Structures are given as C-alpha cells and as structure tokens.
Amino acid sequence: LEKCISEIRKKKRPIDRKFIIYIDDLDRLEPKIAVQMLELLKNIFNLEHCVFVLAIDYDVIVKGLKDKYGDETGQNQREYRSFFDKIIQLPFMMPMGQYNVGKYVSDLLKQIGFIDSDDQFDQEIQKIISHTIGGNPRSLKRLVNSLALIDIFSKVDANDDGSKEDEDSDDTEDLLLFSLVCLQISYPAIYELLTSNPDFPNWNTDTAFEVTKLSEEKDKDKFERDFEIVDGKEDFNEDWEKA
C-alpha cells in the first residue's frame, strides 16, 4: 500500500480516495498469536489514506495479554484496556442483544428449504436457541449448515424408498428435529443418553446412576447443594428432569 501511494505521488496525481482494509478472524488464532499480530499491524495503521477496519472478539483476544500483563485483575485492568486503546481509534460494539435471533435463523432455514416459507416459528426457534446454541452468529451458521445436510440426506432416503416428498411436512417434526440438533451440538452427553434411552419420561435415579457410576459421591456435599438449588424449579420438578 505504501508503495502504491508513493507511485501515485510520483505521477503527481491527487489522491482523492481512501483504501479500506478489512481485517477479520484474528480471534480464530491462538490468543497469544493474535496479540502479536495486532502489535505488528499497528505499525502500518498510521499509513496515509488508509482506513483499517478490525472485527475482533474482545473476550477472545484479551486472553492473549496474560503473558504480557498477567491474569486480568482490578489492578491491571487499565493496562488491558489501554493496549486496545492505543491500536483502535474508534471502537464499536455490536449490539447483539438487539437482534432478533429467532427471525434470523428462521429466515436461514427457509432459504435452505428446511421449513416452508410461510411458516412462522420465530418465537419457538428463539426459545430453543436461547437454551442451547446461544446467539453467536458463527455457531448459528454451523447449525443451519448441519440442518441443510440432514435435509439433503432425508430427501435422498425418501426418494430411494420410492415415496414422494411431503411438501406439507409436519411442523412439529421440523421443530423437534431442530431441537434435537441444537441439543446434540450444545449438550452431547444428554443427546447420547436420549438416543440410548429415548423413553425420557421414565428416566429415574437408576437411569442417572447408570450414567454417572456414582461419581457424584466423590463430592457429595457440593452435589447436594447444587441439586437443592434447582430442585423444585419449573425445569426440574418432574422425576425424569431430576434424573
């Protein structure tokens, strides 16, 4: 870029535009490496006629500062923050809480043909996601990709059986499959238990002990305290839920 700008100056041509450079996916690197990359990049951030736009997950990158400043505490929090303040001149936090995740995912599912275009499951999808996947856009995209692949396989199986695709598929089955995939991604242990013992209304203490092998006995006091906190709540008031 510096060479390019230098060549423009040599030709005595006015620079009436800016170069915009987007830097993304730093948080996919090991945090320590990501911090080193930022320290290298800041040397070119003052390049004339250039604007750098960084997309950064602060909570991920900040972990790379431990080697530099130690564990984040109230005493060194200023150093943590100043590291970014010296690099980023205009921060902007994405207001994730203001987005309608249910509608976003519902629209993606309609695009891949998983649900019909006229179905309105925004609220149901929002509730399922809030208990499982969460609102991370990358996780939601992986979820949709998984459902797209499952949908392809199901259509192939249907055609192999000689049966026609049911355009008016049962809405309940669509939501159930969506819920199961979310469960599989977020809570694989519960999903495995469900596949091995699908009669979940009859789960009991014997079912639980088959899985835990009485491992809760190793710290029984803590287990009983944790259990007491959730016992009786709406989500844990039936025997199978307690199990």
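Between ASP67 and GLU234, what is the label-point separation in nm under the 7 Å Cα-to-beta-carbon projection?
Inter-label distance under the simple model: 4.8 nm.
Using heavy-atom solvent-accessible surface (probe 1.4 Å) with all chains present, what is the largest-first order of HIS131, HIS49? Kindly include the intermediate steps, with their values, before the conclusion.
Values: HIS131 110, HIS49 45 Å².
If we order HIS131, HIS49 from most to least accessible, we get HIS131, HIS49.
For GLU48, project a label point 7 Å along Cα to C-beta. Then give me every residue of segment 16-37 with its amide nitrogen under 14 Å of that point.
Flagged as within label range: 16-19.
Suppose the chain between ASN100 and ASP85 were pulled fully straight at 0.36 nm per residue; how much longer would it get relative to their current alpha carbon spacing? Please report the intermediate quantities before stating the final value.
Numbers: separation 15, 0.36 × 15 = 5.40 nm, distance 3.07 nm.
Answer, rounded to one decimal: 2.3 nm.
Can you work out the FRET efficiency for the pair ARG225 and GLN123, with r the C-beta to C-beta distance and R0 = 30 Å, to the nearest 0.05?
Approximately 0.30, to the nearest 0.05.
Order the peptides 100-107, 85-92, 183-190 from the highest to the lowest mean number of other Cβ atoms within 10 Å of their residues. Present the calculation step by step, with values, prior to reporting the outcome.
Details: 100-107: 17.9, 85-92: 11.1, 183-190: 13.8.
Taking the mean over residues of other Cβ atoms within 10 Å, the ranking is 100-107, 183-190, 85-92.
At a 1.4 Å probe radius, which order do TRP240, TRP203 fall into by accessible area, largest first?
TRP240, TRP203
How much solvent-accessible surface does ASP116 expose, in Å² to the nearest 10, with a 1.4 Å probe and all protein chains in place?
Surface open to solvent at ASP116 totals about 50 Å².
For helix 31-41, what angle does its Cα long axis make with the longest principal axis of the chain, in degrees from 0 to 90 and rounded to 10?
Between the helix axis and the principal axis of the chain, the angle is about 20 degrees.
I'd like the orientation of helix 171-186 relative to the chain: the angle between its Cα long axis and the longest Cα principal axis, in ° from 0 to 90, rounded to 10.
The angle comes out at about 60 degrees.
Mean residue ellipticity at 222 nm from the helices of the chain, using -39,500 (n - 2.57) per DSSP H segment of n ≥ 4 over the full residue count, to the nearest 500 deg cm²/dmol?
After summing the helix terms and dividing by residue count, I get -15500 deg cm²/dmol.
Have a look at VAL60, VAL35, SER130 and report the one farthest towards the positive end of the charge dipole of the chain, computed about the Cα centre with Cβ charges (Lys/Arg +1, Asp/Glu -1).
It is VAL35, whose Cα lies furthest towards the positive end.
Between the helical axis of 122-131 and the dominant principal axis of the chain, each derived from Cα atoms, what acute angle in degrees is found, rounded to the nearest 10?
Between helix and principal axis, roughly 90 degrees.
If you count only protein heavy atoms and use a 1.4 Å probe, how large is the accessible surface of GLU192, to the nearest 10 Å²?
The accessible area of GLU192 comes to roughly 120 Å².
Give me the one-decimal nm value for the distance between modelled label points at ILE150 and ILE112, 7 Å along each residue's Cα-to-Cβ direction.
0.9 nm
Which shape class, rounded, prolate or oblate, goes with the chain when its Cα gyration tensor gives a ≥ b ≥ c as root eigenvalues, a/c under 1.5 marks rounded, and past that a/b bigger than b/c marks prolate?
Oblate, since a/c reaches 1.5 and b/c is not below a/b.
Would you mind computing, in nm to one decimal, how far apart the modelled labels at MET93 and ASN76 are, each placed 7 Å from Cα along Cα→Cβ?
Each label point is offset 7 Å from its Cα along the Cβ direction, giving 2.3 nm.
The values are calculated or read from the model by the stated rules, or taken from the named source; none is laboratory data. What you see is a predicted model; the values in this text were computed from it and never measured. FYI the Cβ positions are ideal-geometry reconstructions off the backbone, even for glycines, and counts take in every protein chain you see. These area figures cover heavy atoms from the full protein model, side chains too; ligands, DNA and RNA do not enter into them. Shrake-Rupley method; radii C 1.70, N 1.55, O 1.52, S 1.80 Å.
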